[in-house]
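K.L.:
Dropping the structure in here first, questions after.
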Amino acid sequence: CALPISCGERVKVWETASWTESPTSFVCTGTVESIAWSPDGKRLAAASVGEMVRVWDSETGSELLALLGGEARIGSVAWSPDWRRLATVNNDRTVRICNETGEILLTIKAQQGDLSNLAWSPDGTRLATAGSSCIVKVWDTTSGRELLALERGGSQREVAWSPDGRRIAAADSASVQL
């Protein structure tokens with residue numbers, strides 16, 4: 001088992017059995033905002049301030065993919081449960097879902113203030129997004145249709161699904177609400 005940590009423009013990995021640093025490190029072009037392992041553990045993605053997401057082979061360190069965010073700062077990155085799709089939230093108020101080759105499959109115009117985080121439902125059919133608008137939204141990952149908007153006081157910084165997909169937790173700077 002390994003634990004990735006971002007440190008400036010690098011992502012370092014520690015082997016948890018021995019707590020030794022892996023000789024493989026992953027370099028980005030800007031400060032790392034978000035990192036995510038693919039569910040199968042074979043890929044590591046990092047979103048950086050340099051408007052880019054990089055995906056590496058987690059064993060060899062070889063870069064597999066570099067996705068440009070355009071003019072937008074990418075705030076968070078997350079793999080679908082089947083690892084075949086990668087989603088990003090961007091400060092241009094969009095959510096982008098691409099496949100493992102980098103092809104953009106869906107762009108959602110979220111229109112809810114700056115987005116800071118997202119999470120896939122356990123079955124991969126929905127995405128929850130959180131941001132500065134005090135609203136957590138749930139989206140269909142095939143059509144991009146908004147399924148639900150949950151208004152909540154305070155800027156939402158984090159969002160997570162329960163393992164069974166029946167609940168969503170959202171956190172602002174002072175509290176967590178289920």
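K.L.:
So Gly144 clears everything in (1) closer than 19 Å to Lys109 by Cβ; (2) at pLDDT below 90; (3) in contact with a strand residue (DSSP E or B) (Cβ under 7 Å, 6 or more places away or on another chain) except one condition, right? Which one?
P.N.:
It fails just one condition, (2).
K.L.:
Restricting attention to the range 50-69, does a residue exist that is over 16 Å from the mean Cα position of the chain (by Cα), surrounded by 20 or more Cβ atoms within 10 Å (Cβ to Cβ) and not in a strand (DSSP E or B)?
P.N.:
Scanning the range 50-69, I find at least one residue that is over 16 Å from the mean Cα position of the chain (by Cα), surrounded by 20 or more Cβ atoms within 10 Å (Cβ to Cβ) and not in a strand (DSSP E or B), so the answer is yes.
K.L.:
Which one of these does Arg96 not meet: (1) open to solvent by 10 Å² or more (accessible area, probe 1.4 Å); (2) touching a residue at least 40 places away in the same chain (Cβ under 8 Å); (3) under 11 Å from the mean Cα position of the chain (by Cα)?
P.N.:
(2)
K.L.:
Considering the range 75-95 alone, what residues qualify as being farther than 11 Å from Asn117 by Cα and either in a loop (DSSP other than H, G, I, E, B) or of a type in the set (Asp, Glu) (or both)?
P.N.:
If the condition is that a residue be farther than 11 Å from Asn117 by Cα and either in a loop (DSSP other than H, G, I, E, B) or of a type in the set (Asp, Glu) (or both), then Ser80, Pro81, Asp82, Trp83, Arg84, Asp92, Arg93 are the ones that fit.
K.L.:
Report, ordered by the first and then the second residue, all pairs with beta carbons closer than 7 Å, sequence separation of six or more or different chains, a first member in the range 22-43 that is part of a strand (DSSP E or B), and a second member that is of a type in the set (Asp, Glu).
P.N.:
These pairs meet every condition: Ser22/Glu15; Val27/Glu9; Val32/Glu9; Arg43/Asp57.
K.L.:
Do we find a residue being open to solvent by 40 Å² or more (accessible area, probe 1.4 Å), modelled with pLDDT of 90 or more and farther than 22 Å from Asn117 by Cα anywhere in the range 13-24?
P.N.:
For the range 13-24, residues open to solvent by 40 Å² or more (accessible area, probe 1.4 Å), modelled with pLDDT of 90 or more and farther than 22 Å from Asn117 by Cα: absent.
The values are calculated or read from the model by the stated rules, or taken from the named source; none is laboratory data. The shown structure was predicted, so the numbers you read here are calculated from the model rather than taken from an experiment. Virtual Cβ from ideal backbone geometry, glycine too; neighbours counted across all protein chains shown. Remember, those area values only see protein heavy atoms, side chains included, never the ligands or the DNA or RNA. Shrake-Rupley method; radii C 1.70, N 1.55, O 1.52, S 1.80 Å.
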